[in-house]
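Note sheet for the following structure.
The values are calculated or read from the model by the stated rules, or taken from the named source; none is laboratory data. Because the structure is predicted, anything quoted here is derived from the model rather than measured. Positions of Cβ are backbone-derived with ideal geometry, glycine not excepted, and every protein chain shown enters the neighbour counts. With ligands, DNA and RNA removed, areas are computed over all heavy atoms of the protein, side chains included. Shrake-Rupley method; radii C 1.70, N 1.55, O 1.52, S 1.80 Å.
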Amino acid sequence: MIQSLTLLGLESSCDDTAAAVVRQSGNGAAEVLSSIVFGQTELHSAFGGVVPEIAARAHAEKLDHCVRDALNAANLKLSDMDAIAVTAGPGLIGGVISGVMCAKGLAAATGLPLIGVNHLAGHALTPRLTDAIPYPYLMLLVSGGHCQYLIVRGSEDFTRLGGTIDDAPGEAFDKTARLLGLPQPGGPAVQKEAETGDPKRFRFPRPLLDRPDCNLSFSGLKTALMRMRDQVAAEKGGLTRQDRADLCAGFQAAVADVLAEKTRRAIRIYLEESPNGPAVAVAGGVAANTAIRALLETVCSEAGARFIAPPLALCTDNAAMIAYAGLERFRNGARDGMDLAARPRWPLDQTSPAMLGSGKKGAKA
Ligand code: KG4
Ligand code: ZN
């Protein structure tokens with residue numbers, strides 16, 4: 001038996017203000033007692049992207065409400081917590097500061113220990129919260145702000161095998177939707193159109209497949225799409241519904257193919273060190289895409305690896321993952337002081353070279 005621990009988590013690194021309570025009981029089972037997320041989509045929709053200053057102000061306004069709601073939903077008080085975990089980066093600096101300041105205030109007022117958490121570590125440890133999988137496992141983060149392959153060996157031990165050198169895949173879906181006049185967020189809209197489209201009609205490139213590494217690139221797909229759209233429009237004087245569906249299907253198939261092939265390569269590297277009981281997990285909004293998910297599942301089963309996709313509410317930005325990552329750090333003896341810094345950039349793997357890509361929601365790694 002281990003000591004039962006209950007943590008409050010705070011998240012405010014992008015455009016979701018979130019608080020959650022997570023408990024790990026003596027038998028090791030972790031449970032999300034509450035998870036509150038206030039999205040900011042409407043605040044930013046007129047601007048076509050997240051406006052950092054608006055985001056920071058909204059976080060500062062909403063965080064204490066989120067904390068109250070999370071404690072109420074868990075039917076607990078601050079005095080029932082063992083520690084307070086907060087995203088200390090990477091992300092939009094104003095939002096990260098809002099969260100860190102709120103957590104410091106709560107820690108100072110209650111005397112509870114403060115734990116700074118890397119947002120990406122929160123995503124990367126989620127399969128342990130939801131499925132209790134053992135280390136090491138392979139993680140693919142695919143969202144509007146992130147895209148990377150990580151071997152996760154411990155709560156603070158990550159090796160990045162590769163990542164995007166430009167756009168994140170969710171960002172590419174969102175831009176594609178914008179180019180075709182579809183609503184935001186673009187991923188679900190493009191997926192829906194793609195269902196009735198012919199993925200073979202337009203020949204989209206498969207970027208970086210000629211290179212043997214696990215790096216990816218998505219910005220060229222959007223440029224290709226724009227050219228194809230303009231060509232069809234010039235020939236026919238406009239796009240039909242079928243043209244749009246075919247463009248979406250071709251684009252989605254290209255993203256899925258690239259992710260599948262790079263995942264095959266990442267699995268091969270991972271299997272060299274972990275041939276027994278391999279597990280591959282995905283997180284991020286793009287993991288909701290049924291075509292991409294199905295292809296990744298096939299790739300994993302061909303490689304003899306277990307495939308884990310946490311429920312969507314825990315795949316996208318939330319504070320339960322921050323509370324859980326903080327809980328693992330706390331168990332390992334980590335404690336932060338009032339000098340905990342907010343870090344806009346904070347790569348999980350400090351040894352691998354910095355990536356060029358940042359994602360639509362700010363520098364992520
Ligand atoms: O993880 P997430 O909620 O937020 C961050 O980016 O941090 O991911 C949102 C992204 C958006 O770009 C959205 O278009 C994409 O995930 N997305 C999808 C789907 N659902 C959401 N992309 C492709 N297919 C989907 N079904
Ligand atoms: Zn995230």
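Of all beta bridges that DSSP places with both ends in the range 78-208, some 70 percent have antiparallel geometry. The average projected area of the range 97-158, computed from the convex hull of its Cα atoms over all directions, is 5.4 nm². When Lys and Arg each count +1 and Asp and Glu each count -1, what net charge do the other residues less than 10 Å away from ALA319, Cβ to Cβ, add up to? For residues surrounding ALA319, the net value is -3.
Could you check what % of the DSSP bridge pairs in the chain are antiparallel, to the nearest 5? Among the beta bridges of the chain, antiparallel pairing accounts for roughly 65 percent. Computed over neighbours whose Cβ is under 12 Å from that of LEU295, the net charge equals -1, Lys and Arg +1, Asp and Glu -1.
The range 1-28 and the range 237-275 have Cα centres lying 34 Å from one another. Per residue of the chain, the DSSP helices (runs of n ≥ 4 H) give a summed -39500 (n - 2.57) that works out to -14000 deg cm²/dmol at 222 nm. In units of the rule-of-thumb radius 2.2 N^0.38 Å, the chain shows an alpha carbon radius of gyration of 1.00. Remark: the chain carries 41 Å² of accessible area per residue (probe radius 1.4 Å; ligands, DNA and RNA excluded). Rolling a 1.4 angstrom probe over the protein chains, ignoring ligands and nucleic acids, what is the accessible area of SER45 in square angstrom, nearest 10? Spelled out: SER45, probe radius 1.4 Å, area about 80 Å². Packing, as the average of other Cβ atoms within 10 Å across residues, places the peptides 115-128, 276-289, 56-69 in the order 115-128, 276-289, 56-69, highest first.
The mean sequence separation of alpha-carbon pairs under 8 Å and at least six residues apart, normalised by the residue count of the range 114-165, gives a relative contact order of 26 percent. Surface composition of the range 28-159: carbon and sulfur atoms hold 54% of the protein heavy-atom accessible area at a 1.4 Å probe. Can you find, among GLY162, ALA103, GLY238, the residue farthest towards the positive end of the dipole of the chain? Put +1 on the C-beta of Lys and Arg, -1 on that of Asp and Glu. Positive-most Cα among the choices belongs to GLY238. In terms of distances greater than 30 angstrom between alpha carbons, the cross-link table entries LYS175/LYS236; LYS104/LYS175; LYS192/LYS262; LYS104/LYS262; LYS222/LYS262 yield LYS104/LYS175; LYS104/LYS262. What trypsin sites (Lys or Arg not before Pro) in the range 266-337 are in a loop by DSSP, with at most 13 other Cβ atoms within 10 Å of the Cβ? Hits after loop and neighbour filter: ARG335.
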